[in-house]
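The values are calculated or read from the model by the stated rules, or taken from the named source; none is laboratory data. From a predicted model like this one, the values you see are computed outputs, not experimental measurements. Cβ coordinates were reconstructed from backbone atoms using ideal geometry, including for glycine residues, and neighbour counts include every protein chain displayed.
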Amino acid sequence: MKLTGRAWKFGDGISTDHIAPGRLFHLRSNLPELAKHVLEDARPEFASEVREGDFVVGGRNFGQGSSREHAPVIIKLAGVSAVIAKSFARIFFRNCINVGLPAIILDTDEIEEGDDLEVDLSAGRLVDKTTAKEFTFSPLPPAMAAIVGDGAGRRTGGQTSSPGKNRFTIAGPRSFIGRFGPGEPDGVDVGEHVT
């Protein structure tokens, strides 16, 4: 599966509170409305300017903090095709996979704000079309790739039995237990093979 879009660059330590601000906790039952505020505490313009297919590009320990399951959901609802970071908080990484949002572990130092990217999830290759640089990453193991594939292309998940309610359906009962990365007490890191 190939994904294309532009890079939105974030630094190290982006927390789930940056992604889904705690002051908006009352919106957790209305995820499309909460998605209008995704990452606004890190980049106030992000939610209004992100385009379908764009990438969130982070540094170390992306998604740290609480286990807010709606954080990756609202990133996906905003139209982001994947999150690329040097490392992820373990729970955030697992939640991304569970909702069908690819989480790619890659050294992001050479990717710049606004670069046009093409990601081949199956081949484990990222091409920065702006700079013509190519990067490789470990493709997801087959079971995790199947979970992402189950959720790929679905921004709002399954139907709800209550008209007017906005719900997101997790992509099945499968789960993933990550390994700890070097220097990351609660996450997965660049160079780690996730099994």
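Some observations on this one:
- Selection within segment 55-74 - farther than 18 Å from ASP107 by Cα and either among the charged types (D, E, K, R) or crowded, with 24+ Cβ neighbours inside 10 Å (or both): ARG68, GLU69, ALA71, PRO72, VAL73, ILE74
- Any chance ALA103 is out of contact with any Cys (no Cβ under 6 Å at 6 or more places or on another chain), under 22 Å from SER67 (Cα atoms) and buried (at least 19 other Cβ atoms within 10 Å of the Cβ): no
- Residues (part of a loop (DSSP other than H, G, I, E, B) and touching a residue at least 12 places away in the same chain (Cβ under 8 Å)) located in segment 37-47: HIS37, VAL38, LEU39, GLU40, ASP41, ALA42, ARG43
- Some residue of segment 168-186 being within 25 Å of PHE46 (Cα to Cα), surrounded by fewer than 19 Cβ atoms within 10 Å (Cβ to Cβ) and at pLDDT below 95: yes
- Checking the stated criteria, ALA152 turns out to be at pLDDT below 90, of a type in the set (A, V, I, L, M, F, W, C) and farther than 22 Å from GLN64 by Cα.
- Qualifying residue in segment 7-27 (condition: of a type outside the set (S, T, N, Q), on the phi < 0 side of the Ramachandran plot, touching a Leu at 6+ places or on another chain (Cβ under 9 Å) and in a strand (DSSP E or B)): yes
- Test: THR195 is part of a loop (DSSP other than H, G, I, E, B), buried (at least 16 other Cβ atoms within 10 Å of the Cβ) and at pLDDT below 50: no
- Residue check, SER161 among the polar types (S, T, N, Q), closer than 22 Å to LEU34 by Cβ, assigned to a loop (DSSP other than H, G, I, E, B) and at pLDDT below 85: yes
- If you check ILE104, ILE84, ILE75, ILE91 for being under 14 Å from ALA20 (Cα atoms) and hydrophobic (A, V, I, L, M, F, W, C), only one passes: ILE75.
- For segment 44-66, the criterion of a residue being of a type in the set (Ser, Thr, Tyr) and either under 17 Å from GLY114 (Cβ atoms) or modelled with pLDDT of 95 or more (or both) is satisfied by at least one position.
- Breaking point among (1) more than 18 Å from ASP17 (Cβ to Cβ); (2) without any contact (Cβ under 8 Å) to a residue 40 or more places away in the chain; (3) not hydroxyl-bearing (Ser, Thr, Tyr), for LEU121: (2)
- Subset of segment 10-41 (residues that are in contact with a strand residue (DSSP E or B) (Cβ under 6 Å, 6 or more places away or on another chain) and surrounded by 17 or more Cβ atoms within 10 Å (Cβ to Cβ)): ILE14, SER15, LEU31
- Annotation note: Cβ proximity below 7 Å between a residue of segment 70-81 that is under 11 Å from ARG51 (Cα atoms) and among the β-branched types (Val, Ile, Thr) and a residue that is assigned to a loop (DSSP other than H, G, I, E, B) and modelled with pLDDT of 95 or more (sequence gap 6+ or interchain) occurs for VAL80/VAL50; VAL80/ASP54.
- Within segment 5-24, residues that are of a type in the set (D, E, K, R) sit with their Cβ atoms under 8 Å from residues that are buried (at least 21 other Cβ atoms within 10 Å of the Cβ) and assigned to a strand (DSSP E or B), at 6+ positions apart or across chains, in these pairs: ARG6/PHE55; ARG6/LEU117; LYS9/VAL57.
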